[in-house]
1. What do you reckon, is G479 in contact (Cβ under 8 Å) with a residue 24 or more places away in the chain and surrounded by 21 or more Cβ atoms within 10 Å (Cβ to Cβ)?
2. Name the single residue that is surrounded by the most Cβ atoms within 10 Å (Cβ to Cβ) among those in region 109-167 being more than 24 Å from L36 (Cβ to Cβ) and more than 29 Å from the chain's Cα centre (by Cα).
3. Just for region 171-201: of the residues that are among the β-branched types (V, I, T) and either more than 21 Å from the chain's Cα centre (by Cα) or away from the ligand (no atom under 16 Å from the Cβ) (or both), which one is modelled with the highest pLDDT?
4. If I ask for residues that are buried (at least 21 other Cβ atoms within 10 Å of the Cβ) and not acidic (D, E), which ones from region 440-454 would you list?
5. Being within 15 Å of G13 (Cα to Cα), within 29 Å of the chain's Cα centre (by Cα) and at pLDDT 95 or above: is that true of F81 here?
6. Suppose we keep only residues that are more than 20 Å from G476 (Cα to Cα), modelled with pLDDT of 95 or more and over 13 Å from the mean Cα position of the chain (by Cα) within region 217-249. Which one would you say is nearest to the ligand (Cβ to nearest atom)?
7. Collect the residues in region 29-49 that are at pLDDT 95 or above, under 25 Å from L128 (Cα atoms) and more than 27 Å from the chain's Cα centre (by Cα), keeping them in residue-number order.
Amino acid sequence: MKKTENQMLVIFGASGDLTARKLVPALANLFIAKQLPENFVVLGASRSNMTDDEFREKVVLKSSYLKEKFKETSKEDINDFASKFFYEDLGETYDGDYSELKKRIHELNNEKNTDGNIMYYLSTPPTLYEPIAKSLSDAGLNTQNNGWKRIIVEKPFGYSLDTAKELNNGLQQYFKEQQIYRIDHYLGKETVQNLLVTRFANSIFEPLWNRNYIHHVEITNAESVGVEKRGGYYDKSGALRDMFQNHLLQIVSLIVMEPPIGDDPEEIRNEKVKALKSLRIMKDDQVLHDNTIRGQYMASTIDGEQVKGYRDEDGVDADSTTETYAAIKFFVDNWRWKDIPFYVRTAKRMPTKVTEVVIHFKTPHHQIFKDSGLNNKDNKLIIRIQPDEGILMKFGVKVPGQGFKVERANLDFYYSSLSETHVMEAYERLLLDAMQGDATLYARADEVEAAWEFVDPILNYWKNGENVRMYGYAAGVWGPENADELIEGIGQWRNPGPNLTDDPGYCVIC
Ligand code: BG6
């Protein structure tokens, strides 16, 4: 196990929801697993007026997010964990003078021996990233002559290619790229990282991972919830910005990338950038029309319960044209993937919550078994990111009896079967990596910009193109009916259930 150096975590926006909901629970997991450094301090900083004790109560002692985690932890240990938390009120604004904050950081560093190492976590709106970085720099809190300094920023990284560039340039004025950690929580998911292992540690898959054997690739990200309490944010964002530009294109890059030279973070990230740059950018209106579909959920009744339509959600404009469903077909311009379509969709208010990748293999080039029923029974590799995390391989087996009739059967693996292994939660894994200076699972500036380069023309077309349709779909169904037209000719989307093996494949019960 790598050693984590003594350090201080300064969280900007500490009174917000993310701190209590994600960051502190991740730290609690690390604490329980004894993975926090020996000397470790969390300093919350935001504009609310709170004492250290009030902060501890809010995010640790009275937090509903920790109840379950601390069920078997002693009172003494919980108090020990809480005693690592401190709070500093930043006053009116985030972009003011940080001399008080600096004083507090120095005091805590001396008192708790955190060796001058500081991780700044910006859990604030992105508009504050540059002002906070500037104020830290003005106070000399970014210099690395006495301990390292790192800065973690949350998505969204920009609203478009231009704004992403501005954001990157703004941060890079005060922190070097190696100090900047852009968090994408999908990269913290064990199953997303396993995409690399599935591909590059198995000689049964890698030789087939190309246009000669793969027919098409399908990625589905579905959520059963609507926009919940985030209507205000979501209405300015939409499915493409909220999920596709970041999380889903990260998954795409891991599927598309060439093998890296080794597992060094920069080598892996170089290959991911190359992969993103090889996505064919759609510029022509007709191409954009034929290869993209957007939709919005409408009011309906799910399991006897009335569900609001998107336009009726709090914070959403009554005439909103923001998409809650996006499906994109695209190609990758390189040797490996020439002419192989990728179909990626993401949406809210679907029948279930699921994220999965389906690799559809081609029909065998030479078919021996005529009239075997082989059609549409090609091999599929289903990589389940969540829930019911696992891998499912669909392959042909002979139906017992005369002749050669072929049916499809399943070979499956479930993470849950590794009962001895603790699967880290995404934020837990990512925080620990950053604390140890490992940026493999963080997005680099050029990666983020390459993703925006692909997404920008789609957003522009949806906003300004002529005759662009917004399709309605009833909350609780698999999106607009015509979404299947995108994959016309090769079937339909695989609409997965909550369990990986929702159709068990061929089996003989008796
Ligand atoms: C976030 C999006 O990044 O990811 C949310 O802003 C979305 O809209 C969430 O609900 C989904 O994350 P997960 O891990 O539950 O799939």
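The values are calculated or read from the model by the stated rules, or taken from the named source; none is laboratory data. Just so we're clear, the structure is a prediction, and the values are computed from it rather than from any experiment. Here the Cβ positions follow ideal geometry from the backbone for every residue, glycine too, while neighbour counts run over all protein chains shown.
1. Values: in contact (Cβ under 8 Å) with a residue 24 or more places away in the chain: yes; surrounded by 21 or more Cβ atoms within 10 Å (Cβ to Cβ): yes.
Yes: the conditions hold for G479.
2. Ranking the qualifying residues of region 109-167, first place goes to S135.
3. Of region 171-201, the ones among the β-branched types (V, I, T) are 180, 183, 191-192, 197-198.
If we keep only those that are either more than 21 Å from the chain's Cα centre (by Cα) or away from the ligand (no atom under 16 Å from the Cβ) (or both) too, we end up with 180, 197-198.
Numbers: I180: 96, V197: 91, T198: 91.
Residue satisfying both the conditions and the ranking: I180.
4. Scanning region 440-454 gives L441, Y442, A443, R444, V448, A450, A451, W452, F454.
5. no
6. E218
7. Passing the criteria: only V41.
A quick yes/no check of all residues on (1) buried (at least 16 other Cβ atoms within 10 Å of the Cβ); (2) in contact with a Pro (Cβ under 9 Å, 6 or more places away or on another chain); (3) not in a strand (DSSP E or B):
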residue: Q286; (1), (2), (3): no, no, yes
residue: G295; (1), (2), (3): yes, yes, no
residue: E323; (1), (2), (3): yes, no, yes
residue: W337; (1), (2), (3): yes, no, yes
residue: R345; (1), (2), (3): yes, no, no
residue: V358; (1), (2), (3): yes, yes, no
